[in-house]
Amino acid sequence: MNNNEISILLMCPWVCYLIAEGLELSGIVAILTNGIFLNYYGTPNISKQSKKVMKIAVDTVAYITEMMVFLFLGIGFFAIDHPYDKLTPGTIILTVVNLNIARALNIGITTFFVN
């Protein structure tokens, strides 16, 4: 396992983000573009052990950040004072109708393109 490979692969998106933000460009787009290039050029050129370590590290960070997002969404639901007194049966019916229309359109369009 080569620590230099892992360090460079972990530092590239961060440095790319810093450069983009310094030039007042989109840091998120820079990270996404950097990820595409690293996947295309960087991943095939590192050792198998480094690939294994990077996969574990990226999967762990992805899981932690996803868990934090849903945790904050759950906390936010209970932390905000919702005006339940303005919730009428019409609002609930309209919401269910809109959700069913959106689902029908989504499924219909998706199955049209898939088939």
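Give the cross-link partners of Lys55 among the aspartates and glutamates, using a straight C-alpha distance below 14 Å as the criterion and excluding same-chain residues fewer than 8 apart.
Glu5
Multiply the residue gap between Ile93 and Asn106 by 0.36 nm, knock off their C-alpha separation, and tell me the result in nm, one decimal place.
2.7 nm
What translational diffusion coefficient, in µm²/s and rounded to a whole number, does the Stokes-Einstein relation yield for region 38-82 at 37 °C and a viscosity of 0.692 mPa s, taking the hydrodynamic radius as the Kirkwood radius over Cα pairs?
D, rounded to a whole number, is 254 µm²/s.
Under unit Cβ charges (Lys, Arg +1; Asp, Glu -1), what dipole magnitude, rounded to 20 debye, does region 49-115 have relative to its Cα centre?
Roughly 380 debye, rounded to the nearest 20.
With each run of n ≥ 4 DSSP H residues scored as -39500 (n - 2.57), what mean residue ellipticity at 222 nm is computed for the chain after dividing by its residue count and rounding to the nearest 500 deg cm²/dmol?
Details: 4 runs with 89 residues, N = 115.
Calculated at 222 nm, the ellipticity per residue is -27000 deg cm²/dmol.
When Glu21, Glu5, Glu66 are ordered from fewest to most other Cβ atoms inside 10 Å of their Cβ, what list results?
Glu66, Glu21, Glu5
Are there any helices in the chain, counted as whole DSSP H runs, that stretch 24 Å or more along their axis by Cα and score at least 0.0 on average by Kyte-Doolittle, and if so which?
3-22, 48-79, 89-114
Counting just the Cα atoms, what span does region 57-115 cover along each of its three principal axes? Round to the nearest Å and put the largest first.
Extents along the principal axes: 46, 44, 7 Å.
Which order results if Ser50, Ser26 are arranged by neighbouring Cβ count within 10 Å, fewest first? Numbers along the way, then the final one.
Details: Ser50 19, Ser26 13.
Final ranking by Cβ density, sparse to dense: Ser26, Ser50.
Residues in region 42-66, backbone N under 11 Å from the label point at Cys12 (7 Å along the Cα-to-beta-carbon vector): list them, ranges by number please.
Answer for region 42-66: 42-46.
Once the Cα gyration tensor of the chain is found, what semi-axes does its equivalent ellipsoid get, as square roots of 5 times the eigenvalues, in whole Å, sorted largest first?
Ellipsoid semi-axes (Å, largest first): 41, 22, 16.
We did not get these values from a lab; they are worked out from the coordinates using the rules stated. Just so it is clear, the model here is predicted, and its values are computed rather than measured. Every residue, glycine among them, receives a Cβ derived from its backbone with ideal geometry; neighbour counts consider all protein chains shown.
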